[in-house]
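Report on the following structure.
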Amino acid sequence: MRLVSISLRNLRIRLVATVLTTASIVVATALYAGILTMAEQTKARYEGSIGGYQAVVGPKDASQLELVLNTIFNVGEAPALFPLQACLDLREGKGFSRRGQVRYAIPQARGDSVSRFNFPVVATLDEMFSVYEWQKAPLRFDQGQGFQFGWQDLKAFAEALAAHENALRAGDANPPPRPALQPAWKQCVIGSRVARTLSLSVGSEVVPVHGKMGEFGYHEHPEATCKVVGVLAPTNSPLDTTIFLPLGVHYLIDGHEGGVFVVEIPPGKTPDDAKKLPVSPGRLGLTAVIVDPKDHFGARILRTDFGSRPDAQVAWPQDVVPRFLRQIGNVADALAVIAWLVLLVAAVSITVAIYNTMNERRREIAIMRSLGARRVQILAIIVGEAALLSFFGALLGVVVCHAAALVLRGLVEDQTGVYLDWTAVQAWELWLVAGVTALGGLAGLLPAVKGSMTQVADNLANSY
């Protein structure tokens, strides 16, 4: 204990050098801990969030990764639209083998957001709160309940909207009226983080906006203002940052008229010609369909069955997400190597900082030797300085990492969909502190050897 107190005194005497060297260790340790924390929590977040999504149907031309990230994790933009007919066929079992049958197929349409936090607005059915299962159980509510807009409502709405659209395209002077935005539809369910961040509760109002705040084309849709009827319980998943409203509201928002139906352009026709072609209810545009196959291998079977369809494809999150995480892991490994190189540079700085003080400390060491200190004790004192320097730097580095996670968690979640739990302490953090301490002690070995070899008689004689 006496040797430790001497090492601490020596560090206090050289306070400026101690602070600067410690700072380099703090930065290196915080960088390494931050990389591992982000990689681990990203993996846990993405693997844990696919539990309620056995398969996702999306547009044919989109990549499966893009489809999964947007549908499940609210990352990026909706890649494209595909027709409602794919969902109709799934629900009715048309064109699929027995093993390709599904328990549910819940359509979604997205493209709007809410507030400067850009919380995504997902238009869907009330089955999201009654049939859909998250972690093998229906979604729970902290407040209120789900809205009412079911599959039959969607089918009736699609037929009425298609009839109106066809009359307009045919130039009918008296087209049937466009479906009205029913007051009963203007309801929404919000995730727990949305409620917490925007201070919303049951009875509050939410105004969807087109696009994202600050981007070109951003504007509010006051005609689609929805009343909050339910607040979901926290799931620690992207569901917490999502706002759900009825599909009927989404399709009737001003400005969505031109992109409601998916129309194929026949050979020899132009996009302007396609605007005059008739549409059917099954051509109503969706961005995704959440599917739960009855068969254990249903997702793979559906992916094969959809391979021959020209309008849609099936993404299997249990296959897509692990491949995505392996890519992230490779990047994290490369960054971890860089962090270790920074740690090595910090260790070299410890060696240089202590080694350069040896000439100044020869008389001090000589006096200690004359008072009975052995060479091994001198060695232990100097190595102890380096180890203590590294220990405090590593400890502060881990603390800085957790503080950064606390401060930046909102930004990180908005940009990546990953929620950083700053309170999570992992066993590897203790090993990191121990490893950095050992590295620092090793770095102090060279100056310690030089200090322990100090000649007592020569350095005491030079003092007089």
From the set of residues in the range 1-58 that are in contact with an Asp or Glu (Cβ under 7 Å, 6 or more places away or on another chain) and farther than 30 Å from LEU302 by Cβ, which is modelled with the lowest pLDDT?
-> SER7
Test for LEU460: is it among the aliphatic types (A, V, I, L, M), over 21 Å from ALA28 (Cβ atoms), over 31 Å from the mean Cα position of the chain (by Cα) and at pLDDT below 65 | yes
Of all residues in the range 125-137 being in a loop (DSSP other than H, G, I, E, B) and of a type outside the set (Val, Ile, Thr), the one that is nearest to TYR251 (Cα to Cα) = LEU125
Just name the residue that is most open to solvent (accessible area, probe 1.4 Å) out of those in the range 413-434 that are closer than 15 Å to LEU36 by Cα, part of a helix (DSSP H, G or I) and in contact (Cβ under 8 Å) with a residue 24 or more places away in the chain.
-> TRP428
Here the qualifying pairs (Cβ atoms under 6 Å; residues six or more apart or on different chains; first in the range 116-139 and on the phi > 0 side of the Ramachandran plot; second outside any strand (DSSP E or B) and not basic (Lys, Arg)) come out as GLN135/GLY51
Only one residue in PHE324, PHE297 is surrounded by fewer than 21 Cβ atoms within 10 Å (Cβ to Cβ), under 21 Å from TRP134 (Cβ atoms) and among the aromatic types (Phe, Trp, Tyr). Which one?
-> PHE324
Does VAL337 meet the test of being open to solvent by less than 30 Å² (accessible area, probe 1.4 Å) and modelled with pLDDT of 75 or more?
-> no
Any residue in the range 379-399 that is within 25 Å of the chain's Cα centre (by Cα), open to solvent by 60 Å² or more (accessible area, probe 1.4 Å) and modelled with pLDDT of 80 or more?
-> yes
Residue selected from the range 303-319 under the condition part of a helix (DSSP H, G or I) and of a type outside the set (Lys, Arg), by the criterion surrounded by the most Cβ atoms within 10 Å (Cβ to Cβ) | PRO317
The residue that is least open to solvent (accessible area, probe 1.4 Å), considering only those in the range 178-200 that are hydroxyl-bearing (Ser, Thr, Tyr) and modelled with pLDDT of 90 or more, is SER192
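Here's the yes/no breakdown for (1) surrounded by fewer than 19 Cβ atoms within 10 Å (Cβ to Cβ); (2) out of contact with any Lys or Arg (no Cβ under 7 Å at 6 or more places or on another chain); (3) of a type in the set (A, V, I, L, M, F, W, C):
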{"site": "ASP112", "(1), (2), (3)": "no, yes, no"}
{"site": "VAL122", "(1), (2), (3)": "no, no, yes"}
{"site": "SER130", "(1), (2), (3)": "yes, yes, no"}
{"site": "TRP134", "(1), (2), (3)": "yes, yes, yes"}
{"site": "GLN148", "(1), (2), (3)": "yes, yes, no"}
{"site": "ASP153", "(1), (2), (3)": "yes, yes, no"}
{"site": "HIS164", "(1), (2), (3)": "yes, no, no"}
{"site": "LEU168", "(1), (2), (3)": "yes, yes, yes"}
{"site": "ASP172", "(1), (2), (3)": "yes, yes, no"}
Could you tell me which residue of the range 138-189 is nearest to LYS276 (Cα to Cα), considering only residues that are in a loop (DSSP other than H, G, I, E, B) and polar (S, T, N, Q)?
-> ASN174
Within the range 215-237, which residues are at pLDDT 80 or above and loosely packed, with under 13 Cβ neighbours inside 10 Å?
-> PRO222
State whether one or more residues within the range 272-284 are modelled with pLDDT under 85, of a type in the set (Ser, Thr, Tyr), in contact with a strand residue (DSSP E or B) (Cβ under 9 Å, 6 or more places away or on another chain) and farther than 28 Å from ALA195 by Cα.
-> no
On the given criteria, is ASP240 in a helix (DSSP H, G or I), of a type outside the set (Val, Ile, Thr) and at pLDDT 85 or above?
-> yes
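The values are calculated or read from the model by the stated rules, or taken from the named source; none is laboratory data. Source: prediction; values computed, not measured. When we count neighbours, we look across all protein chains shown, and the Cβ atoms used for this are built from the backbone with ideal geometry, even at glycine. Just so you know, the surface numbers come from the protein's heavy atoms only, side chains and all, with ligands and any DNA or RNA stripped out. Shrake-Rupley method; radii C 1.70, N 1.55, O 1.52, S 1.80 Å.
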